[in-house]
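What follows is a single structure, written as structure tokens, with notes after it.
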Amino acid sequence: MAPLAVLISLVCATLAAGAAGVRVELTRMHSGPGVTASQFVREALRRDMLRHNARRLAASDDGTVSAPTRMNSPSGIEEYLMTLAIGTPPVHYPAIVDTGSDLIWTQCAPCSDQCFKQPSPLYNPASSTTFGLLPCGSPLSMCEEAAAPGCSCPYNSYNQTYGKGWTAGVQGTETFTFGSTPADQTRVPNITFGCSNASSSGDWNGSSGLVGLGRGAVSLVSQLGAGRFSYCLTPFQDTNSTSTLLLGPSVSLDGITGVGSTPFVASPATAPMNTYYYLNLTGISLGTMALSIPPKAFSLKADGTGGLIIDSGTTITSLGNAAYQKIRAAVVSLVTLPTSADGSAATGFDLCYALPSPTSAPPAMPSMTLHFDGADMVLPSDSYMMQDSGVWCLAMQNQTDGEVNILGNYQQQNMHILYDVRHETLSFAPAECSTL
């Protein structure tokens with residue numbers, strides 16, 4: 001089984017005036033030597049838990065801007081990385097891409113001994129002719145947005161926390177270069193970004209920083225005025241094909257069969273919840289069986305708790321216990337195989353079954369349908385059940401009722417998903433992502 005992490009290499013950039021958009025190739029990275037599929041799953045669940053915990057902390061009023069994302073695990077599982085260049089002359093660096101946060105940042109020289117090791121040279125603002133500090137009072141200032149302690153003009157300092165780490169520095173403006181070859185490169189001036197002089201230690205996946213694709217004003221999507229972006233992730237078991245990210249006004253699902261669209265739910269005003277892509281999930285069915293889940297299980301409350309978000313940075317869908325237990329009971333009613341406590345211990349999943357042999361095919365299961373406001377997302381059994389070395393598990397997890405529900409990327413495989421930020425809608429259709 002291939003891991004969740006994906007290396008993004010920019011193969012075509014056309015974000016010049018009047019251009020259609022940019023196409024990004026997503027190559028699925030493999031886990032480190034000797035890492036089994038079960039270890040991979042356990043690491044994914046562990047990182048998801050860190051991400052959930054960070055969201056809980058982010059909701060507290062402690063004056064710190066917080067945007068959870070995931071860091072790499074010791075077993076070599078990577079993240080989504082995007083290669084771009086910053087400054088004049090341009091310095092290339094790989095950055096983690098995250099739809100659950102906004103800030104674009106890279107480590108900058110001079111960097112304290114708290115900075116993590118990175119594969120590319122440190123960006124040095126003193127060596128670039130196009131660097132500038134973000135002007136005082138800018139609407140893109142995270143200082144102003146968070147009223148963070150210690151913020152002072154003209155420095156616009158930030159201290160941003162993630163699932164298992166943090167980074168701190170000052171906001172600036174720079175020219176960013178997109179494109180992997182001179183023929184397709186496009187330079188975009190005055191991008192607001194974070195220049196980090198201190199970051200937590202640890203392995204940041206061979207990256208030099210992060211690119212946020214969230215809903216907020218400082219995300220790359222918002223600053224480029226792209227209006228929309230889409231991605232199509234190949235199946236996790238497919239270790240040979242590449243996935244695709246498309247960014248720009250020309251992104252479309254026109255001509256594709258079975259497209260469904262649902263509006264985004266208005267986000268809470270409080271950071272970082274205002275960067276998440278919330279959806280209105282009204283119910284779930286397994287085959288023809290409508291599960292008796294109360295709609296309030298997925299509703300976003302006035303205090304910013306609850307609701308459901310779609311997140312490319314979370315691996316496994318996580319639902320409140322009331323909803324999860326209904327799904328679990330429906331699966332149990334359909335499967336006659338013996339349950340496997342060893343399988344649960346190995347993977348970290350709550351419900352696992354023992355197959356007759358490691359090579360046995362699992363029994364047929366009906367599709368699961370997620371009923372959104374105005375559209376149904378149909379998940380084949382491979383997108384909610386996971387097979388691994390003789391065990392077959394429900395690839396979902398439960399959490400405390402009232403916390404944010406999360407549609408993870410395992411459930412998004414072989415689905416072309418389009419975020420229309422300008423028109424506040426999410427569209428999706430089943431697709432063979434390896435052929436996009």
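Just a few scattered comments:
- Full-stretch length increase - Gln325, Asp113 - with 0.36 nm per residue and alpha-carbon distance subtracted: 71.6 nm
- Rg and Dmax [Cα atoms of region 333-436; Å; Rg one decimal, Dmax integer]: 16.1, 50
- Shape call, region 329-390: gyration tensor on alpha carbons, a/c limit 1.5: prolate
- Evaluating 6.51 cos²θ - 1.76 cosθ + 1.60 at θ = phi - 60° for every residue in region 273-281, the Karplus couplings come out as 4, 6, 9, 7, 9, 7, 10, 9, 8 Hz, glycine and proline recorded as x.
- Rg/Rh ratio calculated on Cα atoms of region 224-339 (Kirkwood radius): 1.01
- Label point 7 Å beyond Cα of Thr129 along Cβ direction - residues of region 77-117 with amide nitrogen under 19 Å: 85-92
- At the listed q of 0.12, 0.16 Å⁻¹, the Debye profile of region 220-279, built from one uniform point per Cα, gives log10 I(q)/I(0) equal to -0.46, -0.78.
Read the figures in this text as sums done on the coordinates, not as results from a lab. Everything quoted here is computed from the prediction, not taken from an experiment. Reconstructed Cβ throughout: ideal geometry from the backbone, glycine too, with neighbour counts over all protein chains shown.
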